[in-house]
Structure formats: C-alpha cells, structure tokens
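The block underneath contains the structure these notes are about, expressed in structure tokens.
The values are calculated or read from the model by the stated rules, or taken from the named source; none is laboratory data. Being a predicted model, the structure only gives us computed values, none of them experimental. Methodologically, a virtual Cβ is constructed for each residue, glycine included, from the backbone with ideal geometry; neighbour enumeration extends over all protein chains shown. Ligands, DNA and RNA are excluded from the accessible area calculation, which covers all protein heavy atoms including side chains. Shrake-Rupley method; radii C 1.70, N 1.55, O 1.52, S 1.80 Å.
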Amino acid sequence: MSENGKKALIRDAVRTRRAMLEPELVKYYGEVLSEQFLESDDEELVRDIKACKCIAVYSSVRGEIPCDGIAKYFMDKGVTVCYPRVNGSEMEFYKVTDVDAQMTKGAYNIPEPNESATKVDSSEIDIMIVPAIAFNDEGIRLGQGGGYYDKYISKASSKGKVPLLVGACYDFQIYSALPVEAHDIAVDVIMCVYTGEDE
C-alpha cells in the first residue's frame, strides 16, 4: 500500500472514532486537556506559558479535542489569543477577544475569525496549539491533508521564529507506525488525553 493510502486509512479510522464520541464527553476531554496543559510539569512548557504574550489555538469540529479552556485562561489574563482563518491555499491567524461575536463559519465549515478580527504575524505567536489526525512518538503530525499548518510553520521558520508547538489529541490518535514525509513537522510537546478508546 502507498504512503498516501496508509494516511487515508488512518484519517478514516480517526475521524470515525472521533465522530462516535458524545458531545458531553468531548467537552469533558477538553477540560482535561486544559488541566494537563496549564498544570504541566514540562519545564519548557511551564516557562513558555508564564512568558506567553500571544497564543494560537483552534476551533474544534467533528469530535476534535477542544482547547476552549486554554483560550479562556489566556484571554482572562489579557494575553492575545488568535485563531486560524483559511484564505485560499494559505492559513493566517487573527486575534479574537470575543469568540461569540468574532467567529463565523468559514472554510470546511470550521468556525474562524470574521473580518473584524486583526491579523497576527507569525513572529508574535509564542505558543501554538496544533490539532492533527494523528501523531507518532516523535511528535510528527498527520494533518487533514491540506498542508495548512505545515506551510504556515515552514513560513514562520523562514522568518526566524517558530512558536512552541503543542500537539493536542486523544490517546487513540497516537500511531507508532505513522507514514512520515520530509515536509512533515514535529511538535515540541504532545498533550494526550486518555480515553481508553485505544484498548
């Protein structure tokens, strides 16, 4: 089987398992993620959380693990919180201060910042919470297939600053034998919420 075929199988398997999660359970796992993140004993992450002036998060859809609690924590502290918006083949991040008022359905029916939001340059972002279909043990991610995060992070790297990349996932999204390509980017930290779904 080709590498693309293997990726397609993993994408289908993970999407199916996420779709089976009840909304109340997804919300609970999001709260667990926030606790793991904010109470982490990873020294690098703790240092970066304390120093963070701008954090990039994402809007969860179709059973993805939510990072709403993380966003609220930083908003309450007055830290800039930004969400992605897809523009054609590119993705950019925009500052959001009021999720209810500033988010609208965008590309792929995913909530994203509306036209009132201010664009944030990649050099301003200190921490980025990164969603994925799957991660391997080294933190390399398999995305949805559009390459938006890989392109964005590569561009940020070429400009001289890459945020601390934090992968967020359920336990059943960790694959030891994940198909990997040269352009695939690894996250620095994986926040994995245990569900028992991998048993």
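In this simple spin-label approximation, LYS27 and LYS151 carry label points 7 Å from Cα along the Cα→Cβ vector, and these lie 3.5 nm apart. Where does the charge balance sit around ILE185 when Lys and Arg score +1, Asp and Glu -1, over other residues with C-beta under 12 Å from its C-beta? For residues surrounding ILE185, the net value is -2. Helix content alone sets the calculated 222 nm mean residue ellipticity of the chain: runs of n ≥ 4 DSSP H residues at -39500 (n - 2.57) each, divided across all residues, give -10000 deg cm²/dmol.
Output the DSSP H helices from the chain with an along-axis C-alpha extent of no less than 18 Å and a mean Kyte-Doolittle hydropathy no less than -1.0. Going by DSSP H runs, the hits are 23-38.
Accessible surface area normalised per residue over region 122-183 is 38 Å², counting heavy atoms of protein chains with a 1.4 Å rolling probe. Note on the chain: Rg/Rh from C-alpha atoms, Kirkwood Rh, equals 0.93. Please say if region 53-159 is rounded, prolate or oblate, where rounded means a/c under 1.5 for a ≥ b ≥ c the square roots of the C-alpha gyration tensor eigenvalues, and otherwise the choice is prolate for a/b larger than b/c and oblate otherwise? Note, shape of region 53-159 comes out rounded.
Multiplying the residue separation of ASN87 and GLU3 by 0.36 nm and subtracting their alpha-carbon distance yields 27.5 nm.
Per atom type, the chain shows carbon and sulfur on 50% of its accessible surface, probed at 1.4 Å. Under 5 Å from the amide H of MET191 lie the amide H atoms of GLY167, ALA168, CYS169, each residue being 5 or more positions distant or on a separate chain, with H modelled from the backbone and absent for Pro and chain starts. Entry note, the chain: relative contact order of 21 percent, from Cα contacts under 8 Å with a spacing of 6+ residues. Geometric descriptor of region 1-100, per residue, is 152 Å³ (volume of the convex hull of the Cα atoms).
Antiparallel beta bridges, as assigned by DSSP with both residues in region 61-199, represent about 60 percent of the total such bridges. Here the simple spin-label model places points 7 Å from the Cα toward Cβ, and for THR104 and ASP76 these points are separated by 3.0 nm.
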